[in-house]
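This report concerns only the one structure given below.
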Amino acid sequence: MSRLCCQRVEPPIGRSGLIALLLSVVIIATSATSATKAFAQKPHESLHGAHEVFISPDAAIVWAVQKAPTGDKATVWLRIVNTANKFSHISIDGIDPFSKKRVRVAAGQALQAEARIESDRDSFSDLPSREVHFYRSEEDLRAEKPALTVYYLGVPDQTPEFSSRAALDSYLSAAKLAPSPAALPNAVKASSP
């Protein structure tokens, strides 16, 4: 008589193979969940501004300097434009590239169509680099999660200087930043993925 009914039958891949297979399924499921969450979040984009006029599909930045009538004092102005209306807030950090010291030079503020931010030119001697952070919401601002950062290693070399506020305002206002960036001299077009 055959004893097949009482014999123990091993799975074709063995116990250790079965355990490995189950662990693989768990790891793949966990990785897929993490990847889905990461894909659902908008990635942070960091772009080098480099020039006095920066244009991307979502934002634009124009630099200008207003020199004091006497002495060596000057004020650096940034016109920050929300060209695609994707951002609700901005902030600006000054950075020392050697010590990596970082100071918030323009606190988080609401951004409608545009904002103008001024900094004393002397502040660039200690903190020459600037990062302009664009946030999609106030919650992102509080969590320090910008959607876009445009960074500069200093005041761009070709930044125009003006002796009067009226001339500076005229330049900043006249800059056509959308939809025809090619019309601006020295404009840098950045592409968004």
For this session: Answer yes or no as to whether Tyr135 is at pLDDT 95 or above and either touching a strand residue (DSSP E or B) at 6+ places or on another chain (Cβ under 8 Å) or β-branched (Val, Ile, Thr) (or both).
Result: yes
For this session: Within the range 111-123, identify whether any single residue is among the aliphatic types (A, V, I, L, M), out of contact with any Phe, Trp or Tyr (no Cβ under 9 Å at 6 or more places or on another chain) and within 18 Å of Asp58 (Cβ to Cβ), and answer yes or no.
Result: yes
Seminar exercise, completed: Asn186 meets each of (1) at positive phi; (2) modelled with pLDDT of 95 or more with one exception, condition (2)
Seminar exercise, completed: Across the range 53-71, the tally of residues that are under 19 Å from Asp120 (Cα atoms) and assigned to a loop (DSSP other than H, G, I, E, B) stands at 4
Problem set entry | Candidate set: the range 158-183, residues that are among the hydrophobic types (A, V, I, L, M, F, W, C) and open to solvent by less than 50 Å² (accessible area, probe 1.4 Å); chosen: the one modelled with the lowest pLDDT | Leu177
Problem set entry | Some residue of the range 9-21 being modelled with pLDDT of 85 or more and among the charged types (D, E, K, R) | no
For this session: Please specify each residue of the range 131-143 satisfying the condition of being free of Cβ contacts under 8 Å to residues at least 60 places away in the same chain and open to solvent by less than 20 Å² (accessible area, probe 1.4 Å).
Result: His133, Tyr135
For this session: Test Asp126 against the criterion of being more than 24 Å from Leu177 (Cα to Cα) and out of contact with any Leu (no Cβ under 6 Å at 6 or more places or on another chain), and give yes or no.
Result: yes
Seminar exercise, completed: Subset of the range 83-110, residues open to solvent by less than 20 Å² (accessible area, probe 1.4 Å) and within 17 Å of Leu172 (Cα to Cα), comes to none
For this session: Sort out which residues of the range 72-86 are closer than 13 Å to Leu148 by Cβ and not in a loop (DSSP other than H, G, I, E, B), and write them in order of number.
Result: Ile80, Val81
Problem set entry | Count of the range 163-177 residues which are of a type in the set (Lys, Arg) and under 21 Å from Ala68 (Cβ atoms) | 1
Seminar exercise, completed: Note on Val155: of the conditions (1) farther than 20 Å from His44 by Cα; (2) open to solvent by 60 Å² or more (accessible area, probe 1.4 Å); (3) not aromatic (Phe, Trp, Tyr), unmet is (2)
Exercise. Counting just the residues of the range 30-82 that are polar (S, T, N, Q) and modelled with pLDDT under 90, which one comes out most open to solvent (accessible area, probe 1.4 Å)?
Worked result: Gln41
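The values are calculated or read from the model by the stated rules, or taken from the named source; none is laboratory data. Remember, it's a predicted structure, so these values are computed and weren't measured experimentally. Positions of Cβ are generated from backbone atoms using ideal geometry, with glycine treated the same way; all protein chains shown enter the neighbour counts. These accessible areas exclude ligands, DNA and RNA; they are computed on the full protein's heavy atoms, side chains included. Shrake-Rupley method; radii C 1.70, N 1.55, O 1.52, S 1.80 Å.
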